[in-house]
Every structure is written in structure tokens, then in C-alpha cells.
Amino acid sequence: MKTILRTNYIKSLGLAVLGLFFGTAWGQATLPVNRTSWGGTEPTGWTNSGCTHRSTSSACTNNSATIFDTTGDNRILFINAAPQTLSMTLKNQNMTGQSYLVVEQSADGSDYTEIGRYGPASGATPITNAQCADIDLALSASTRYIRWTYTKANGNCDMDDVIVTAAPVVPAFTLSSTSISNFGNVNVGSSSNSSSVNVAGTNLSGSITASAPTNFQVSTNNSTWSSSVSFAPTSGTVSSRPLYVRFSPSSTGAKSGSITVATSGASNQTISVSGTGVITSTTWNGSAWSNGNPTATIDAIISGNYNTNTAAPQGPIVSKNLSITSGTVVIGANGLNVKETLSKTGGTIDATAGDITFSGTAAQTLPANFFVNNTVDKLILNNTAGLTLGGATSLTGVLDIVSGNLATNGNLVLKSTATGSARIAAVTGSITGEVTVERYIPQGKRAFRFLTPGVTTTNFISNNWQTGTHITGSDTGANGFDTTLTGNPSMYVYNNNTATGSGWGSIANTDATNLVAGNGYRILVRGDRNVDLGQSSAADMNAAVTLSAKGTLKTGQVVFDAVSTPAINATDNATTNGYSLIGNPYVSPVNWDLVGKLGVEDVYYTWDPNMGTAAQRGRYVAYSQTVGSNNLPESAVNQYIQPGQAFFVKNTVLGVAGAVTFEESNKASQSTNVFRTNATEEKSLLSISVYDANEAEATYPIDGTIAVFGSNYDNTIGLGDVEKLYGSGEHLAFGRNNKVLAIDALAPVMANDELQVKTLQFAAGKSYTFKINAANFSEDMQAYLIDQFANTETLLNLSGANSVNFTTTSAANSYGSDRFKVVFRSAALGNGEWNNSTVKVYPNPIQNNQFNIALPNNVSGKVAITLFNLVGQEIYKTSVESSSIITVNPSLQLSQGIYILQVSNGTSSVKQKIAVK
């Protein structure tokens with residue numbers, strides 16, 4: 001048995017641990033303990049109280065044993081580690097009566113528990129006298145003290161071969177937590193932030209491993225991630241180490257599982273984990289999106305070249321957040337709609353021809369330096385929480401504020417170039433902060449322009465328009481003006497209250513005067529600031545120029561009236577004659593036909609610097625809402641007043657200030673044709689433009705006028721008639737009822753009608769060319785240009801272009817105002833007795849959808865009656881027996897307008913124009 005015990009002892013060798021001394025400092029015995037000798041000094045951990053040493057052959061082995069021979073004799077063994085068994089040999093040396101040896105164990109050396117009692121005493125395990133008995137006892141792992149105590153009646157007890165084995169070493173590890181809080185929603189294809197659990201282990205014979213379930217990853221350093229990691233022990237121990245865990249879903253939906261932690265010789269433990277896979281972002285790698293297209297709730301991450309103008313899988317982007325990490329991104333029309341943020345850590349994004357929409361619900365920001373050249377073609381804000389410009393932003397197309405406030409921070413520039421000017425669409429939100437508005441002026445004549453700044457500047461003219469072009473008014477450079485030899489001014493405002501002079505007054509200075517939105521200014525544009533002011537004036541600008549002004553915009557309703565700035569004319573003086581100079585208040589084209597007008601004619605006048613001879617500097621051009629045309633077809637002036645354009649308006653009653661009201665809804669996006677088509681009538685038009693004969697094929701006209709014929713007009717001065725506004729140089733107009741008209745609006749033309757052509761301020765001894773264009777006249781009408789000085793007639797083509805040359809001499813009648821007129825005559829469309837003199841239609845205009853035809857007396861047989869509209873479509877036809885008077889009641893209700901009536905007897909026909917009111 002002893003051999004077996006010793007073998008177990010060898011196998012169970014373990015590591016010793018330190019303990020505490022009990023009583024006197026005898027130290028601790030290191031397990032395993034194997035004591036077979038009892039003489040001499042006590043080994044470490046042993047104490048002896050009263051026991052003696054037997055060294056005779058009566059001892060069981062080795063002639064050595066310890067003797068318990070007096071009541072109270074005891075020995076104590078203090079050990080250093082958890083024991084497993086106690087083995088000993090006891091010998092009864094004549095023990096009788098109530099003698100016994102008790103064996104006890106204790107964890108702390110104070111409280112002992114009996115584990116064996118041996119001898120002849122009652123309740124004790126008997127030992128045969130003079131015999132050696134091997135005793136084996138199991139010990140508690142917490143035991144650190146073993147005590148033997150003798151109670152004597154007779155005899156004594158020997159003890160030898162004491163062996164205490166160490167308890168087997170059991171690997172163990174601990175986890176600081178067995179669960180990790182739900183990782184929440186994590187984007188498919190990405191990973192959550194990490195969480196950690198501390199791992200520690202002792203008595204280890206191998207590494208501690210941690211294995212993650214699908215969709216989760218583990219790491220020992222929070223950097224390198226995998227499905228399984230291990231912690232290697234040092235001397236059997238793993239000090240507390242963090243185990244990092246993250247959620248990396250591969251698909252959508254709730255995910256859960258357990259991380260298994262294990263080591264050899266110990267029970268496995270688990271850490272429960274959970275999370276939900278969602279799609280919160282998708283990444284473009286240059287060829288495909290990782291999680292499908294982004295949406296209003298899914299972020300877009302672009303890490304490769306992308307073009308919204310390209311077909312799927314590329315194309316317009318709608319995203320929650322947009323992040324550019326690499327690649328070249330091109331945004332086109334309707335290209336990008338972002339709900340939250342924009343960010344860029346690499347790559348480029350080009351929106352120079354693109355639309356950017358901000359349509360979130362929380363405040364958004366356009367970061368500085370986000371787009372190539374900080375340029376966007378179209379910017380749309382549809383977010384009630386607003387948008388802030390984080391840096392310089394140049395807009396080349398449209399700013400559309402649908403909802404919310406755009407806070408510019410002074411960073412917005414509305415560009416104007418040779419290809420077009422940025423505009424602000426109808427504002428239904430708001431704009432705060434300063435805006436820089438540019439106005440590009442192409443290289444052309446060195447001439448005055450009627451301009452308005454679009455903003456009220458917070459600084460002076462010298463820091464705005466004057467940075468682009470010279471503004472003069474001093475021969476010393478005083479008051480901020482550029483210096484010229486003459487000191488002549490080049491910038492004017494219009495005072496409609498002045499009773500003398502022209503109404504024009506030069507500005508007082510450029511270094512103490514701000515520009516005001518809605519004010520009109522007349523400014524001489526020489527070109528850019530490279531013009532040499534010391535040289536004689538050139539005919540043309542030296543270069544194109546871009547004027548810029550920085551300040552606050554006008555938005556919402558803008559009213560010009562007697563108390564506005566500028567104010568509408570309230571005087572009755574003949575100098576300003578009811579005219580007022582105002583400017584387009586918006587940075588957008590405005591449809592003049594939609595602008596509110598109260599007590600103001602529906603005509604506006606502006607200065608076209610292109611008109612006139614090469615040596616002249618422009619002409620006034622008038623646009624009439626009623627007529628739907630200007631007086632000079634070669635001019636681009638039409639119903640759309642351009643941003644930055646100033647113009648004159650005129651009161652309908654002299655001395656009574658009218659009102660002009662602009663609304664955001666009056667804004668337009670583009671211009672249309674000068675001539676509009678009436679829904680019920682196509683007006684007859686005859687325009688005359690005059691050229692220097694030497695420049696007729698190469699330049700703009702000197703001036704021009706137009707006559708419009710329609711059933712809405714009559715031959716008194718009134719609806720549609722526009723008086724001529726003119727200055728120096730030659731001017732052309734029509735005269736009627738002592739009025740000089742830029743646009744002459746008349747009733748439908750009839751035979752023998754005349755247009756009085758007014759050649760105003762023409763020069764003697766000069767060659768001129770009339771270019772006459774006509775349209776929409778009936779086939780039975782002819783027109784002749786009558787030259788009353790040369791006594792000639794020129795037949796005009798009433799469905800195309802005409803060119804007529806003439807020369808003035810020193811004779812006053814050759815350059816006088818009444819040299820020319822246009823006379824209309826009937827053209828016979830049939831033969832024989834069928835002509836416009838013998839076939840009459842009345843009443844004309846017809847009434848009550850009925851009219852009469854008077855025929856020659858000698859007509860017989862059938863008469864065919866046909867009605868055509870002005871585009872040649874047959875709308876009514878009948879055939880009746882001839883009669884001196886034929887009454888026609890068309891079977892359809894004739895709409896208001898002009899029609900062509902054809903009357904035929906089978907061999908001849910006559911056409912006449914009739915009107916329906």
C-alpha cells in the first residue's frame with residue numbers, strides 16, 4: 001500500500017503556494033510531505049509538543065518513529081497547498097482502556113475537524129497491539145493544518161511514514177461577463193464598434209481559445225479580427241486580458257449566438273451576443289454597389305469613378321449621407337439628392353454641369369471645397385431646417401429655394417459668363433447673408449448700358465462694379481472716380497422729379513455711395529480696367545467685362561410706387577413726361593407680361609447698345625405687352641426682362657404715379673420668340689429697320705419701328721400703341737394723330753390704308769437702307785413704299801423680306817420726317833368682272849355669325865363660297881345660286897379672328913379678308 005501511495009504522490013506533484021505562519025514561525029511544509037525520520041530538528045512545517053523519538057527495532061520501519069505516550073502529546077503539520085490524502089503507519093504499544101490518537105484537519109489552524117480516531121478507546125478504530133497499521137485518510141482541499149493529539153489511559157502509540165499528497169492541479173479560467181449588450185443595427189458588409197470581456201486563467205496546460213459564431217468576430221488587440229483567437233499562458237497563467245467582440249452581419253435581419261471560450265481540462269463557458277443586420281450604407285467600388293443603390297435612408301460611399309449621366313448601375317444618386325473616398329465623381333442634371341451630410345476624404349466631385357438637391361429634415365451644410373472649383377450648376381433647397389454654405393460656392397445655373405433658409409455666410413457667387421448667367425428661381429423659402437451677383441457684358445460697342453445690381457451692396461461702388469470697369473467723373477481722381485483728362489462722368493441715375501434738363505444726373509462719388517437693388521443706373525462701359533483713359537475714346541470695348549456686386553438680395557413681392565426707392569414719377573412736368581427708371585429687382589429673368597401694372601402702361605423701354613451705326617451708341621427699344629412685340633425685331637428685347645437690366649416705365653396719366661408690382665411667380669427661366677401667336681388671331685405685321693447703307697449687311701440697324709394689325713386694335717391712339725422714346729441720332733417711327741410711335745397698333749388693314757413713316761433726325765448727304773419685313777397679310781392685299789421726295793413706288797413683298805436703298809441730299813425734304821409712307825391696295829385675285837371692286841362683303845367685321853356678299857349684276861349660275869383661316873385650313877364651304885345679294889349663315893359658330901373669304905363662279909374667284917369680333 002505504501003508503494004501505491006508514493007506513486008500517487010509522485011504523479012500529483014504540483015506548484016507550491018505560499019501560506020501564513022501559525023503561532024510560532026515554523027514555516028510551511030511543501031507538498032508532497034513524506035516523513036520517515038523523527039529524530040533531530042523538526043522539518044519545516046512541523047511542530048512537536050511532548051512526543052519523543054523511538055529509534056529501536058520496535059519501530060515499524062527504519063528504526064525511527066515518533067511516540068505519543070502522554071495525554072496531550074501532539075504534532076501539527078502546516079502545509080503550503082491543497083492536499084489530497086494523508087497516509088501514516090500507527091503501532092499500538094500496549095494501549096489499553098480509553099487510550100486513543102485523534103487526527104484533525106484545519107484550514108486556518110484554529111478550527112479543527114476530526115478525520116480519524118485510533119486505539120482501544122470506545123468509538124476509536126482499533127489497532128492490534130504490537131502491530132503496525134497503515135491508515136489512509138482523505139483531506140479537504142482547503143486544509144492547511146493537520147494535527148495529531150494523544151489521550152492516554154495506558155501504553156503509547158507510535159507513528160511513522162507520514163505522507164501527505166498534493167491535490168491534483170485543475171485548470172481554471174474566468175470571464176468578466178457572459179453576455180454583451182445588443183450591438184443594435186449594423187450595416188450589412190460593415191462592422192460595429194467593439195465591446196470587450198476580460199479573460200483570466202490559472203493552472204493552465206494550454207491556451208484559452210475564443211470562437212465566434214457566424215456574423216461576429218473576435219480580436220485580442222481590437223485591430224486584427226477573425227472568427228477565433230487564443231490567449232497563450234505564461235507559467236500556466238493568463239492574466240486578465242480583454243477579448244474584443246464586434247458584429248459584422250453578412251445579411252439583413254436579427255442575428256444572435258454565443259462565443260465559446262475553452263481550455264484543456266476546464267469546462268467551456270459562453271458569451272451571448274446579438275445584433276441586427278440592416279442596410280444603412282452601400283459602397284460603390286467603381287463598377288457596382290455593395291448593397292444595391294443608395295436611397296433616402298441609405299448612405300452612399302463612393303470609392304471609384306462614378307457618373308450620374310451614365311446608365312445603371314450608375315445614374316442619379318439619392319442618399320442619406322454621401323461620402324467620397326476616392327475616384328472621379330461627375331454629377332449631371334438631377335444628379336444628386338442628399339438628405340443629411342456630404343463629406344470627402346479623397347477623390348473629386350464635379351458638379352459644374354450638375355444639379356444638387358438638399359432635401360433633409362435637419363439642418364444641412366455644404367462643406368467648403370467639396371466640389372471641383374467650388375462650382376455647382378443648379379442648387380435646390382427643399383429642407384425647412386435650412387442649408388448653410390460652409391465655403392465659397394459659385395452657381396452657374398439656377399438657385400431654387402423651395403423651402404427653408406439658405407444661409408450664404410457671404411459665400412455665394414451667382415456667376416455670369418459668355419454662356420449664360422445664374423438665376424434665382426421663384427423663392428418660396430428665404431435667403432440670408434450676402435450674395436455676389438455678376439453681370440457679364442460681352443465685347444461690343446463702347447456704349448452706355450442700363451443696369452441694376454441685383455443686390456443692395458454693403459460696400460461702395462468702388463468695391464463693386466468699379467473693380468471691373470472704369471467709372472469716371474473727375475480729372476483729379478477725387479471722390480473715388482477714375483481720372484480722365486475731361487473729368488466727364490460715366491455713370492448716371494435718373495431723377496424723374498426734375499423739371500428741367502433731361503432727368504439724368506451723374507453720381508456724386510464711388511467711394512461713399514452704395515448700389516441699391518431695383519435702382520436703375522446708366523453706365524458707360526468702356527471694357528475692363530485695362531483701357532487707357534489717357535487715349536482718345538475707342539468705338540468698341542477693349543474686352544468683355546464682368547461686373548460684380550456683393551450685398552443682400554431682394555426676394556418676395558417688390559412694389560415700385562410713389563413711396564418706393566426708386567419712386568414712380570408723380571410729377572406732371574414735361575421734362576420727365578411720366579417716365580421712371582427702375583431695375584429688375586430679382587436675379588432672374590422676369591416675364592413683363594405677368595408683372596402687375598396699375599396706372600402704368602404695359603410697355604417698358606430699355607437701351608439696346610447694339611443698335612445704331614457702328615459709330616453710334618444704341619437706341620431705345622420698346623416692348624409692348626398688348627402687341628406682344630418690340631419695335632425693332634433685330635433687337636433681343638422682348639417680354640423677358642433680364643437680370644441686371646434697368647428700364648423705363650411710363651404712367652398712363654401724367655402726374656399720377658402708377659405702381660409696378662413684381663412677384664416671385666413672375667420669374668421666368670428662358671426667353672421665347674419676339675413675336676407671339678395669339679390664340680384666336682394671327683396679327684399682320686410690318687416692320688421697318690433703317691441701316692447705314694454701308695453697314696446694312698454687317699451690323700445692327702440704326703433704329704426701327706413696327707406696325708401691328710389686329711381686330712383687338714382700332715385706328716385711334718390707344719391699346720397697343722407705344723410712343724417713341726428717342727435721343728440723338730437717326731430714329732425711325734410711324735406717325736399717327738400727331739403722335740410719334742415706336743409701335744403702331746391698328747385695326748385689320750384695308751385697301752387704301754396708309755402708314756406714315758417718320759424719318760427723324762436723318763442726316764443730309766447720306767445713303768441708307770430700309771429693311772422691311774411683313775407677315776400674315778391676306779393674298780388680296782398689296783403694299784407700296786411711297787418715296788415722296790424721289791416720287792417713286794416700290795411694291796413690297798407682304799410675306800417676306802424687302803430691302804430698299806435711298807439717299808439724302810442737301811435738300812431738306814430728302815432727310816425730312818415725312819419723306820416716306822406705306823400705302824395698301826387691293827390685289828385682284830380673279831379675272832373678268834370678278835374683283836374686289838365688284839364683289840363686296842358686309843358688314844365687316846361680321847356680326848351675329850352672318851354676313852352678306854354683293855355680286856355684279858350679270859352673274860349667273862352657281863357661286864361657291866369658302867372660308868379659310870389664316871393658316872390656309874378650310875373651315876366652311878357652301879354653294880348657292882347666284883344673286884345680287886347672298887346672305888351667308890355659316891353652319892358653325894365663327895370664333896373671334898381674321899378669315900379669308902373666297903367667292904368663285906367656276907371660272908374666276910375673289911378673296912377678301914373678313915374679321916369676326
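Remarks
- Subset of the range 93-111 that is under 20 Å from Arg35 (Cβ atoms) and not aliphatic (A, V, I, L, M) - its residue that is surrounded by the most Cβ atoms within 10 Å (Cβ to Cβ): Gln105
- Gly360 being small (Gly, Ala, Ser), within 11 Å of the chain's Cα centre (by Cα) and either part of a strand (DSSP E or B) or modelled with pLDDT of 95 or more (or both): yes
- Failed condition for Gly386, given (1) without any contact (Cβ under 8 Å) to a residue 60 or more places away in the chain; (2) closer than 18 Å to Thr436 by Cβ; (3) not aliphatic (A, V, I, L, M): (2)
- The set of residues in the range 1-29 being at pLDDT 50 or above and either in the same structural domain as Asn203 (by the TED database) or outside any loop (DSSP other than H, G, I, E, B) (or both) consists of Ala29 alone.
- Each residue in the range 502-550 was checked for being of a type in the set (Lys, Arg) and either out of contact with any strand residue (DSSP E or B) (no Cβ under 6 Å at 6 or more places or on another chain) or part of a loop (DSSP other than H, G, I, E, B) (or both), and 2 pass.
- Identification of strands (runs of 3 or more DSSP E) wholly contained in the range 573-627 with 3 or more residues that are crowded, with 22+ Cβ neighbours inside 10 Å and either of a type outside the set (Val, Ile, Thr) or touching a residue at least 40 places away in the same chain (Cβ under 8 Å) (or both) yields 579-583, 603-608, 619-624.
- Segments classed as strands (runs of 3 or more DSSP E), wholly inside the range 863-917, with at least 1 members that are buried (at least 17 other Cβ atoms within 10 Å of the Cβ) and not aliphatic (A, V, I, L, M): 897-904, 909-916
- Residue selected from the range 123-179 under the condition under 30 Å from Val199 (Cα atoms) and β-branched (Val, Ile, Thr), by the criterion nearest to the chain's Cα centre (by Cα): Thr178
- Options Val164, Val229, Val186, Val169: the member that is surrounded by 20 or more Cβ atoms within 10 Å (Cβ to Cβ) and modelled with pLDDT under 95: Val186
- Residue check for Gly735: over 30 Å from Gln847 (Cα atoms) and under 53 Å from the mean Cα position of the chain (by Cα): no
- Pairs where the first residue, in the range 283-294, is farther than 15 Å from Thr308 by Cβ and crowded, with 19+ Cβ neighbours inside 10 Å and the second is hydroxyl-bearing (Ser, Thr, Tyr) and modelled with pLDDT of 95 or more, C-beta under 7 Å, 6+ apart: Thr283/Ser303
- When Gly346, Gly391, Gly360 are checked against the criterion of being free of Cβ contacts under 8 Å to residues at least 60 places away in the same chain, surrounded by fewer than 21 Cβ atoms within 10 Å (Cβ to Cβ), farther than 23 Å from Gly304 by Cβ and not aliphatic (A, V, I, L, M), a single residue qualifies: Gly391.
- Residue match in the range 311-319 (condition: under 27 Å from Ser196 (Cβ atoms) and not in a strand (DSSP E or B)): no
- Residue within the range 371-383 that is closer than 21 Å to Ala425 by Cα, more than 11 Å from the chain's Cα centre (by Cα), part of a loop (DSSP other than H, G, I, E, B) and touching a residue at least 12 places away in the same chain (Cβ under 8 Å) present: no
- Identity of the residue in the range 435-447, touching a strand residue (DSSP E or B) at 6+ places or on another chain (Cβ under 8 Å) and surrounded by fewer than 19 Cβ atoms within 10 Å (Cβ to Cβ), that ends up modelled with the highest pLDDT: Tyr440
- Criterion (farther than 28 Å from Lys683 by Cα, hydroxyl-bearing (Ser, Thr, Tyr) and surrounded by 14 or more Cβ atoms within 10 Å (Cβ to Cβ)) met by exactly one of Ser778, Ser814: Ser814
- Filtered residue count, the range 703-761, keeping only those that are assigned to a strand (DSSP E or B) and of a type outside the set (Gly, Ala, Ser): 24
- The set of residues in the range 199-225 that are within 14 Å of Thr260 (Cα to Cα) and outside any loop (DSSP other than H, G, I, E, B) comprises Val199, Ile208, Thr209, Ala210, Ser211, Phe216, Gln217, Val218, Ser219.
- Filtered residues of the range 244-268 (kept if touching a residue at least 12 places away in the same chain (Cβ under 8 Å), surrounded by fewer than 23 Cβ atoms within 10 Å (Cβ to Cβ) and outside any strand (DSSP E or B)): Ser248, Ser250, Ser251, Thr252, Ser264, Gly265, Ala266
- Any hit, the range 146-155, residues being charged (D, E, K, R) and part of a loop (DSSP other than H, G, I, E, B): yes
- Within the range 274-300, considering residues that are among the β-branched types (Val, Ile, Thr) and closer than 10 Å to Asn187 by Cβ, the one modelled with the lowest pLDDT: Thr280
- Scanning the range 114-155 for residues that are in contact (Cβ under 8 Å) with a residue 24 or more places away in the chain and among the β-branched types (Val, Ile, Thr) yields Ile115, Ile127, Thr128, Ile135, Thr143, Ile146, Thr149, Thr151.
The values are calculated or read from the model by the stated rules, or taken from the named source; none is laboratory data. Just so it is clear, the structure is predicted and the values come from calculations on it, not from any experiment. Heads up, the Cβs are rebuilt from the backbone with ideal geometry, glycines too, and the neighbour counts pull from every protein chain shown.
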